[in-house]
Amino acid sequence: MAEMTVIEAVRSALHEEMERDERVFVMGEDVGQRGGVFLATQGFIEDFGPQRVMDTPLAEASIMGIALGAAFRGMRPIPEVQFSDFVWPSVNQLIGEAARSHYGTNGALKVPMTVRIPYGGGIRGGLFHSQNVEALFFHTPGLLVVTPSTPYEAKGLLKSAIRDDNPVIFLEHKKTYRLVRGEVPDEEYTLPIGPADVKRAGSDVTVVSYGLSMHYCLAAAATVADDGISAEVVDLRTLKPLDSETILESVQKTGKLLIVHEDNISGGIGAEVAALAADEAFEYLDAPIARLCGPDVPTMPFAQSLEDAYMPSPESIAAEIRRLAAY
Amino acid sequence: MTQAPSSLPTETDAEPSIATVGDKAGPALPAGLTADDLVEVCRQMILVRAMDERIWMMNRQGKVPIAASCQGHEAAQLGSLLAAQKDGDCFLFPYYRDLALKMAVGLTPRQVMLSFMGKDGEPYSGARQFPLQGADLPRNIIQISNVVAAGLTQSVGYALGCKMLGDDTVTLCYFGDGATSQGETHEAMNFAAIHKLPVVFVCENNKFAISTPQESQMVVSDVAARAEGYGFPGFVIDGLDVIACYEATRQAIEHARNVGPALIEMKVERFMPHTTDDDDRRYRDRDALDEARQYDPVTLFPAQMVDQGIATPAQIDEFRTDAQSQVNDATDFADAAQPPDASTIYDHLYV
C-alpha cells in the first residue's frame, strides 16, 4: 500500500489505463506540456506523446464534441474540463448529445467517454472557479455521475469509468486534490460505479454526503460521538445511479436523515435523497428529513467571510446532527 | 494556408481559395463515372421526389407528424454521395434535410415511410427520434442532432479517431447555411485545420435558416470564403448540378485524405417550407421561388441525360411509374405497421 493524495491517485489511474489501452487518450486545455493546471497529466506527454495527451484550443464546446466524435469511432477519450465552471459551453454536447446517443440510435452507438471535471470550492475560487455542477448531470438520464472522496476511490472509480461504455461525468473535488491523503493498493484494482460506502457506522442519525463535505461529515461525526451521539456516515461515491438500497438501509436503522452537500440546496442531490426517504422509508422516520447544503446563490463568493458563509463545515454539520439526535 | 493540390478545381482570380465548378450544361462523363451511374442517379432522384411529395401529403392526412423536405437538395446530395460511394471509404455525418442521401445509400421506401410515421421497425432510432435521425452504422451513416451544428465538432472528432487508429476513412460532414452561424462550426473547422484531419465540410446552402435569409446570417456571399481563414481550401459549387457536386466532392475527398480539411459550399434551393409545420408565404417571395423552380434538378437532370443520349425517355418514364408504385406500397405498408411497444421506453438507456 502506498499513501497518495487524490490528485496522485487520479494521475496513477490515468497513466495505468493509458498504458493498458491505446484507445484511451486525454485532451483538454493545457493538459500536454503543462500537465494540466492541477498536474493530473504531469509527465504524460513524454510517456504517450502529444497526440494522446492533446493540448486543445481554448474552446470547451468543441473539446466535448470532438471527444464524443472520437468515442463514436471507438476511441476512449478523457476530456478534461479545466474547472467545472467552464463546462457550460460544452453542456449541449454532454446533455443534448452524449447522454442520448445510445438511446437515440436504439443501441447502435456507444459513448465510452470519461469527462473529468475538477469541481467545488473552499479554495477562494470565487464565482468562476468554485462551482458545484453535479445537479444538472444528475438530472440527465443516460449519464453516469461519479464523485469520489478519497484517493482509493478516485483511482478505483476512475479506472472503472474509463472502461465503461457509457458517458461518465467524473467529478473530482479540487480541494481534496492535495488535502486528502490515503492508502492506495499497489496492485491493480477497480471499484464498481454505483455502490455507496458506509464510511462510519452509527445508530442514531444517518448522514449522507459525497466529495469534500463527506470528510467534514466524518469530522462532525467524531465530534458528536463525544456527546454520545452515534452518527452513520454514508459516502454516496456515485450520484448516478444513486445507491438507494444503502441509503434506505441506514435510514431504516437510525430513523433520522441528514443530507449534506456543498451544491445549492434547491433541486440538489439532497432533494432527491430526501424524496427517496420520504417515499420508501416514511414509517421509519423519527424526525424531519434535514438538508445542510449550499445556499441558493450562484456559487461561493470570493471574500473569505462570504465563502465561509457558503460552505458547510464540520461545526455546522455537528450542530445539525445534534438537532436531529434530540428528536 | 495549405497549398491546394493541382487536382483541385481551378481557382478564380478574385478569391484565391474559392473556385466555381461546373455549369448547368455539365460535362459528359466525368472521371470515374459510367453512363449507368448517371442513369441510376436519375432513378434515385425521381424516387426520392415521389417519396418526398407523398410524405408531405401524409403529413396533411395526419399520419406523418413532422417532415423536412429535401426538394431542391437532391442533386447536391446525390452528386456528393456518388463521390463518397466511388471512393468507398467515407463516413457520413448528414443533416436533417437528407432524404436523397439516405435513400441512395440503400434505405428502402418502406423503411422511409416507417420512419416518417414513427412505426415499429423504424431502422434509425426505433422511432425515438425525428424521421431518419438515428444512425445507420452498417452504411457508414451516423445520427443527426437537431441542435444545429452539434454534428460538426463530432465529425471532426470522428476524423480524429480515424487518424489515431490509422485508417483511411474520410469523414464527410453535411450542414446547412444556418449551421455556419453557430460557434461550434468555427471551433470544428479550426481544430480540423490544426490537426490536418481527413474531413470534408459540405455546406448545402439553400439561403434560408427557416425564415431568416442569408443576409441576416452573414455579410459574405459565400460560406466557402471562410475556409481561407482556417487555412484550408473552400469551393463554391452549383448545388443543382449533380456532376459538379460529384466532381467537387471527389476532389475534396482526395484533398482531405492527402492534405487536410476542405470546405465545399453547394448552392441549392429549398423548394418547400422549412418543415411541414412552416408556412413560407410569411417570408418567401413567390416570384423568386417560381424562378428557382425553373432549375429543379429532378426535372432538368433526367432531361439532360436524355439529351446527351445517356438515358432514354422510356427509361425515365419507367422510373416515374416505378417510383409511384414503390411509394404506394411503402405508404400502405407503413400505415398498417404497429407503433413501437410502450414497454421499450427504457431500452438502450445505458449500455
Q: Tell me which of these A:Val233 doesn't satisfy, since it passes every other one: (1) in contact (Cβ under 8 Å) with a residue 60 or more places away in the chain; (2) in contact with a Cys (Cβ under 6 Å, 6 or more places away or on another chain).
A: (1)
Q.
Please go through region B:187-205 and give me each residue that is surrounded by fewer than 24 Cβ atoms within 10 Å (Cβ to Cβ) and in a helix (DSSP H, G or I), ordered by number.
A. B:Asn190, B:Ala193, B:Ile194
Q: Among the residues of region B:342-351, write down those that are farther than 13 Å from A:Asn106 by Cβ and within 14 Å of chain A (Cβ to nearest Cβ).
A: B:Tyr350
Q: Kindly provide the set of residues from region A:173-198 that are hydrophobic (A, V, I, L, M, F, W, C) and on the phi > 0 side of the Ramachandran plot, ordered by number.
A: none
**Q.** Which listed residue, of A:Asp296, A:Asp286, A:Asp243, A:Asp308, is among the acidic types (Asp, Glu) and surrounded by 14 or more Cβ atoms within 10 Å (Cβ to Cβ)
**A.** A:Asp243
Q: Can you tell me which residue within region B:289-310, out of those that are touching a residue at least 40 places away in the same chain (Cβ under 8 Å) and not hydrophobic (A, V, I, L, M, F, W, C), is nearest to B:Glu74 (Cα to Cα)?
A: B:Pro297
Q.
When you scan region B:228-245, do you find a residue that is away from chain A (no Cβ under 14 Å), closer than 19 Å to B:Glu269 by Cβ and in contact with a His (Cβ under 9 Å, 6 or more places away or on another chain), even just one?
A. yes
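This table checks each residue for (1) surrounded by fewer than 24 Cβ atoms within 10 Å (Cβ to Cβ); (2) assigned by TED's automatic domain parsing to the domain that holds A:Glu19; (3) within 14 Å of A:Asp263 (Cβ to Cβ).
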site: A:Gly126; (1), (2), (3): yes, yes, no
site: A:Val133; (1), (2), (3): yes, yes, yes
site: A:Arg163; (1), (2), (3): yes, yes, no
site: A:Glu172; (1), (2), (3): no, yes, no
Q) Taking the condition closer than 30 Å to B:Leu197 by Cα and part of a loop (DSSP other than H, G, I, E, B), does A:Lys110 pass? A) yes
Q. Which ones in region B:124-173 are buried (at least 20 other Cβ atoms within 10 Å of the Cβ), under 24 Å from B:Ile66 (Cβ atoms), at the interface with chain A (Cβ under 7 Å from one of its Cβ atoms) and β-branched (Val, Ile, Thr)?
A. B:Ile142
Q: Have a look at A:Val233, A:Val224, A:Val297, A:Val251 and point out the one that is under 26 Å from A:Leu158 (Cβ atoms) and not assigned by TED's automatic domain parsing to the domain that holds A:Lys155.
A: A:Val233
Q. Are there any strands (runs of 3 or more DSSP E) wholly within region A:1-96 with 1 or more residues that are facing chain B (nearest Cβ under 10 Å), over 20 Å from the mean Cα position of the chain (by Cα) and aromatic (Phe, Trp, Tyr), and if so which?
A. A:24-28
Q.
Being surrounded by fewer than 24 Cβ atoms within 10 Å (Cβ to Cβ) and either in contact with a helix residue (DSSP H, G or I) (Cβ under 9 Å, 6 or more places away or on another chain) or over 27 Å from B:His274 (Cα atoms) (or both) is the requirement here; does B:Phe208 meet it?
A. yes
Q: Output the number of residues of region A:55-75 satisfying the condition of being surrounded by 24 or more Cβ atoms within 10 Å (Cβ to Cβ) and within 15 Å of A:Met27 (Cα to Cα).
A: 11
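To keep it simple, each residue is scored yes or no on (1) within 23 Å of the chain's Cα centre (by Cα); (2) in contact (Cβ under 8 Å) with a residue 60 or more places away in the chain.
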{"site": "B:Gly260", "(1), (2)": "yes, yes"}
{"site": "B:Val268", "(1), (2)": "yes, yes"}
{"site": "B:Met272", "(1), (2)": "yes, yes"}
{"site": "B:Asp277", "(1), (2)": "yes, yes"}
{"site": "B:Asp287", "(1), (2)": "no, no"}
{"site": "B:Thr312", "(1), (2)": "no, no"}
{"site": "B:Ser325", "(1), (2)": "no, no"}
{"site": "B:Thr344", "(1), (2)": "no, yes"}
Q: Give the number of residues within region B:174-202 that are facing chain A (nearest Cβ under 8 Å) and within 19 Å of A:Glu97 (Cα to Cα).
A: 4
**Q.** Selection within region A:294-308 - over 14 Å from A:Leu212 (Cβ atoms), in contact (Cβ under 8 Å) with a residue 12 or more places away in the chain and assigned to a helix (DSSP H, G or I)
**A.** A:Gln304
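For every residue, the table says whether it meets (1) at pLDDT 95 or above; (2) aliphatic (A, V, I, L, M).
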| position | (1), (2) |
| --- | --- |
| B:Pro30 | no, no |
| B:Gln44 | yes, no |
| B:Ile66 | yes, yes |
| B:Gln71 | yes, no |
Q: Show the residue pairs that are 6+ apart or on different chains and have beta-carbon atoms under 9 Å apart, the first residue being within region A:1-14 and at pLDDT below 95, the second being part of a loop (DSSP other than H, G, I, E, B).
A: A:Met1/A:Pro185; A:Met1/A:Asp186; A:Ala2/A:Pro185; A:Ala2/A:Asp186
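The values are calculated or read from the model by the stated rules, or taken from the named source; none is laboratory data. Everything numeric in this text was worked out from a predicted model, so none of it was measured. Positions of Cβ are generated from backbone atoms using ideal geometry, with glycine treated the same way; all protein chains shown enter the neighbour counts.
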